[in-house]
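Have a look at the structure below, then the notes.
The values are calculated or read from the model by the stated rules, or taken from the named source; none is laboratory data. All values reported here derive from a predicted model rather than from experimental measurement. Cβ placement follows ideal geometry from the backbone for every residue including glycine, while neighbour counts extend to all protein chains displayed. All accessible areas refer to the heavy atoms of the entire protein, side chains included, with ligands and DNA or RNA removed. Shrake-Rupley method; radii C 1.70, N 1.55, O 1.52, S 1.80 Å.
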Amino acid sequence: MRGRYRALLVAGVVAASAGCPNLSGPPLQNTIWDAQLVPDSSQPNLAGTAAMVTQLGGTDVGIGIGGAQPGSMPAWQVHNGTCPTPGAGVGPQGDYPDLPVDDTGGASAQMHINRLLSADSTHYIELRLSAADTTRIACGDFQQRATGS
């Protein structure tokens, strides 16, 4: 199941970025990251992946989860830093779309962050119980997978 979510997310985020060539100015360095969510001990069945692509005009990010409580609505956000060394959120929490969990325990969402995330920085994705209850239920450090123009 994890592989399916990862493949769909990476393919979707990369495909979205492919249609945005840089026709003026110097070549753009696209950076691709992915993250494997590690669940908190209170959520042993939770699994998920996330992917980001930085390109001209910002960063596209997507998340997919499985094994969550059906009907729940976890909140998610990209942060600077790492799971063990947390940093500030990237953009306001309210900018991140809802992550409604379906009857099978799965959910996915994607968004565009109007900011280029530096390939020289560390980033992670955090999943919380809900927008109102900010208890962390899963976290994943983004690993840089590719950089190119």
Can you name the residue in the stretch 129-149 that is part of a strand (DSSP E or B) and touching a Phe, Trp or Tyr at 6+ places or on another chain (Cβ under 7 Å) and is also nearest to P44 (Cα to Cα) among such residues? C139
By residue number, the members of the stretch 32-49 that are without any contact (Cβ under 8 Å) to a residue 12 or more places away in the chain and open to solvent by less than 10 Å² (accessible area, probe 1.4 Å) are none
Selected residue (only one of T147, T134 is open to solvent by 80 Å² or more (accessible area, probe 1.4 Å) and of a type in the set (V, I, T)): T134
